[in-house]
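Structure, as structure tokens:
Computed from the coordinates by the stated procedures, all read-outs in this text should not be read as laboratory data. Bear in mind the structure is a predicted one, so any value in this text is a computation, not a measurement. Note that we place each Cβ from the backbone using ideal geometry, even for glycine, and neighbour counts take in every protein chain shown.
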Amino acid sequence: MAKVLIVDDNEDMLDTLDHLFRFYEFEVCRAANGQEGIQTAAKEAPDIILLDALMPVMNGFEACKILKSDTKTRDIPIIFLSANYVEDEHRIMGLEMGADDYILKPFNAKELIARVKSILHKKNLVENLRKDNKYLIQEKSNALQEIEKLQKKTFELEAGQITDPLTGLYNKHFFQKRVQEEFSRAKRYKLPLSLVLIDVDLFRTINEIFGEKTGDYILMRIANVILNNTRNTDVVFRLEANRFVIVLPNTDETGAYYEAERIRSAVDQTQFFDQNFYELKKLSPKRKQDYQRVTVSIGLLEVDLKSTKKIDPALELAEKILQQAKSSGRNKTLRHSKLS
């Protein structure tokens, strides 16, 4: 049973996370501030630490710095959970201090558990690799055979990994498997199935002007917006770069359209950059106006289960609908029935 240390000054948040992790069969220990968290980490030796950024006595950034400088605790993975420090420079600062992830509140419970399990899986792999490497030094005669074993382990890890390391969403590899399962289930029980394809507008230009770290930050924020505007039954994936897809079981085109519009509107209304960011980048008023907002274009369809034997044609059609949404002005949601 893995042990998680939760460090947060909010008693309600501590209780919420405590119940969540115990439900998923974690052993839980708690601390109310950074200083108490450092002491508890040294005493309890948790497998992973969830660290609030803004706390009294000692904040999360100070605690992270101390934890990563102590040989007893430096190898413990740390995930920041923050509702206050949400800007790009805060996330970058946390990651540069050695944190493994930086998640904004409110968060999606299932995605949080998926990220924690993913990080713990990587930690176990690293520990096993270290043990194997030590063995290789001691047993030079078997070096080639052991290296082949390590390569096989790495391959199995990559093949079995189902989450995207940046956003915590399910990744493209898992999408191929899951969408086929949902397609087969929909045909078997004669239930509607819809696909929503989302693309961040002008993302390449944003990367070129602001840098890839800012681009990663935007993708993380948009993933959070998508999760907060989908239902528990929906399955969200990051396919690649700035492309997301949602699989909506038991949902017709009208239902998918309302959900897609809710997501598009929420992204459009999200304030991604503050005044300090623009001043830091020294943007002209014209450039500032051009990038005041980040938007997405969306293409969606209800899968034609009667005439479609495989899911691939539906995915190709969803891509065609998305491209028309982008070419017709961006920041639009276009559904199959309205395709010209």
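Brief remarks follow.
- With 19 Å as the limit on Cα-Cα distance, the pairs of Lys3/Lys122; Lys65/Lys122; Lys3/Lys123; Lys3/Lys172; Lys110/Lys332; Lys306/Lys332 that go past it are Lys65/Lys122; Lys3/Lys172; Lys110/Lys332; Lys306/Lys332.
- Percent of alpha-carbon pairs separated by more than 27 Å within the chain: 54 percent
- Of Met55, Met1, the sequence from fewest to most neighbouring Cβ atoms within 10 angstrom is Met1, Met55.
- The chain: most fluctuating residue of Ser307, Ser297, Ser82 per GNM, C-alpha cutoff 10 Å: Ser307
- DSSP beta bridge pairing in the chain, given as percent antiparallel to the nearest 5: 50 percent
- Simple spin-label estimate for Ala109 and Gln323 in nanometres, 7 Å along Cα-Cβ: 4.2 nm
- Entry note, the chain: the mean residue ellipticity at 222 nm calculated from DSSP H runs of n ≥ 4, each adding -39500 (n - 2.57), is -17000 deg cm²/dmol after division by the residues and rounding to the nearest 500.
- Surface/4 of the Cα convex hull for region 3-107, nm²: 5.8 nm²
- If R0 equals 35 Å, the separation of the Cβ atoms of Glu181 and Glu62 corresponds to a calculated FRET efficiency of about 0.15.
- Remark: the chain carries a charge dipole of roughly 1140 debye about the Cα centre, counting +1 on each Lys and Arg Cβ and -1 on each Asp and Glu Cβ.
- Note on Leu54 and His121: with the Förster distance fixed at 22 Å, the Cβ-Cβ geometry gives a FRET efficiency of about 0.15.
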